[in-house]
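Chemist: Quick one: the structure is below, questions incoming.
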Amino acid sequence: MKKLKVFLGLLVCAFMVVPFMGANAAEPVEVDNAEDLYKYLEDNVTTSVKLTKDIETTHKINVTSDKVIDGNGHKITYVGTFKNGSNDNTVWGSDAEKPYNGGVYVIQAYDANVTVKNITLTGGNVGLSANGANLTLEGTIDVSGNGFGGIELTKGAAPTLSVPSLTINNATIVNTTETDKLPTLWTDNLTTEEVESMNIEYNGVKVAVTYDKEEGKPLQVQLFLDENNLPTGDNYVELDAADYRPAVEEPTTPENPKDENNDVKDEAENPKTSDGIMIAFVALAASATVVLVARKKLA
């Protein structure tokens, strides 16, 4: 009887591992100070970060690996200085404390897949940059109060960088300081061919495309939230929303939904659940091992 109790106890403990392992894998790291924010956003291990307080930063935050950044309704404010120690965010250039080339972005997504949601990014030259990155916006994204505008899509000089992409996934973008000279979103340092090949998916926004008449200047995408801020003149062409909003296909019902679902299941893997399945598989294998060991002990 004593051996039987030990066996049952081991079996129960082994299977309890499965749900806890799955829950821990999905939990974001919570941060409430700048030091932890730098550590987790700039490392190559953490995959999800969630703010629990407003945070001030004295330098640009580089995100160089795949991340989900959940602002949880909080704010990241740049409070450092700009070129030559200026406190004016309309002065383009790096801060004095941590010099680097280019402007001061509150957050720069660099060569990675980065999702940003429910956050305010303010105080910098630019609130958010996708530099050769695939950027997804969700929830409410507030980029008010930056000296040159809200969001920049660009590609640096590194040969490994790709053309950036943007997905605005049922998001609300806020920019109370937008003007005709300070768009909410724009492309920079991209050729006309690269701009035309960009993947931009969005909902509920206005887009303007402008040509700079100076020789050699490429096509530029600019996004404005307020129609009153749209630029006018010979160098402005307004695009119809359909040019940037893919047509929505009407859903069709297959003749045999069960058979259709079975076909799809074998063709595609769900990236959001594959890790959980693997963890569960490993845990179940561990459970089987515990059972075999326990049985030998009982024999």
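No lab work stands behind these numbers, since they all come straight from the coordinates. This structure is a prediction, so every number in the text was calculated from the model and none was measured. Here Cβ is always computed from backbone atoms with ideal geometry, including for glycine, and neighbour counts include all displayed protein chains.
Chemist: Find how many whole Å separate the alpha carbon centroid of segment 56-87 from the alpha carbon centroid of segment 158-192.
Modeler: What the calculation gives is 17 Å, centre to centre.
Chemist: Going through the cross-link list 53/181; 75/217; 181/217; 60/181, which pairs have a Cα-Cα distance over 25 Å in this structure? Could you put the intermediate results ahead of the total?
Modeler: Numbers: 53/181 32 Å; 75/217 35 Å; 181/217 17 Å; 60/181 23 Å.
Pairs exceeding 25 Å: 53/181; 75/217.
Chemist: Any idea what the relative contact order of segment 56-96 is, in percent, if you count C-alpha pairs under 8 Å spaced at least 6 apart? Please list the in-between numbers first.
Modeler: Working: 45 pairs, mean separation 15.1, N = 41.
Result for segment 56-96 is 37 percent.
Chemist: Okay, next question. Too long at a 27 Å Cα-Cα cut-off: which of 117/155; 39/117; 83/117; 50/83?
Modeler: On the way: 117/155 22 Å; 39/117 19 Å; 83/117 29 Å; 50/83 31 Å.
Check vs 27 Å cut-off fails for 83/117; 50/83.
Chemist: To continue, here is another question. Let me check I've understood the local charge: for residue 130, count other residues with C-beta under 15 angstrom from its C-beta, Lys and Arg +1, Asp and Glu -1. What total comes out?
Modeler: Around residue 130, the charge tally is -3.
Chemist: Rounded if a/c is under 1.5, else prolate if a/b is larger than b/c, else oblate: which is segment 98-164, with a ≥ b ≥ c the root eigenvalues of its Cα gyration tensor? Can you show the working numbers first?
Modeler: Values: a/c = 2.32, a/b = 1.22, b/c = 1.90.
Oblate shape, in that a/c is at least 1.5 and b/c is the bigger or equal ratio.
Chemist: Now a separate question. Please turn the phi angles of segment 166-180 into ³J(HN,Hα) values with the Karplus equation 6.51 cos²θ - 1.76 cosθ + 1.60 (θ = phi - 60°), one per residue in order, whole Hz, x for glycine and proline.
Modeler: 9, 10, 9, 9, 6, 9, 10, 9, 10, 8, 6, 10, 5, 9, 5
Chemist: How much length, in nm to one decimal, is gained on full extension between residue 48 and residue 197, taken as 0.36 nm per residue of separation minus their Cα-Cα distance?
Modeler: 50.7 nm
Chemist: Which net charge results when you count Lys and Arg as +1 and Asp and Glu as -1 among the other residues whose beta-carbon is under 11 Å from that of residue 162?
Modeler: -1
Chemist: Right, here's the next one. If you add up the charges near residue 175, with Lys and Arg at +1 and Asp and Glu at -1, over every other residue whose beta carbon is less than 9 angstrom from its beta carbon, what do you get?
Modeler: The answer is -3.
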